[in-house]
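The values are calculated or read from the model by the stated rules, or taken from the named source; none is laboratory data. Only a predicted model underlies this, so the values are computations on that prediction, with no experimental measurement involved. Methodologically, a virtual Cβ is constructed for each residue, glycine included, from the backbone with ideal geometry; neighbour enumeration extends over all protein chains shown.
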């Protein structure tokens, strides 16, 4: 029997899940989740003095991505976007979030981007022009090096003069700056669906 919408919304907001909740999200028996846990395929922890297991949301997302399981039940079909780059990041994140099916958060610099990426687990990271090229490349490489963020797509927005000399495979796609928000949203959707 399919879970009701209210119950699934509650699960989408939780940071730590029980094996029963993971089973509900993945459409498997709770025993299957316990087996994944015991075999080390699904990371989590046991409650001290109990046999109960708990699975952090980020570990479940990484597991689901690694095994090709659909993320709709845990994501609610929302495309999460992290926009990095100075003062303009907040305005751009707000413009992206105004589109249906998108949730976007800003990060002013590389440090904030790293912290927010671990917490927010975005599908796509947009590196705004306000980040220097070397900072954009550094952020992209750090994303690639993090197992929990392995499937995150990285888009860089560069002006014509910066794009000319850029030959770096750190980015999944490079967009021209300035780029209309509608075009950016369209590219984000395409890139997120490709991976």
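Here is how the numbers come out for the structure above:
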| item | result |
| --- | --- |
| Candidate set: region 87-104, residues that are more than 15 Å from the chain's Cα centre (by Cα) and surrounded by fewer than 15 Cβ atoms within 10 Å (Cβ to Cβ); chosen: the one modelled with the lowest pLDDT | 87 |
| Within region 110-132, considering residues that are touching a strand residue (DSSP E or B) at 6+ places or on another chain (Cβ under 7 Å) and modelled with pLDDT under 85, the one farthest from residue 59 (Cα to Cα) | 129 |
| Criterion violated by residue 63 - all others in (1) buried (at least 17 other Cβ atoms within 10 Å of the Cβ); (2) at positive phi satisfied | (2) |
| Yes/no for residue 156 being crowded, with 16+ Cβ neighbours inside 10 Å, touching a strand residue (DSSP E or B) at 6+ places or on another chain (Cβ under 6 Å), modelled with pLDDT of 75 or more and not in a helix (DSSP H, G or I) | yes |
| Check on residue 163, part of a helix (DSSP H, G or I), within 28 Å of residue 64 (Cβ to Cβ) and at pLDDT below 90 | no |
| Residue list for region 21-59, restricted to those being touching a helix residue (DSSP H, G or I) at 6+ places or on another chain (Cβ under 6 Å), in a helix (DSSP H, G or I) and over 19 Å from residue 71 (Cβ atoms) | 30, 34 |
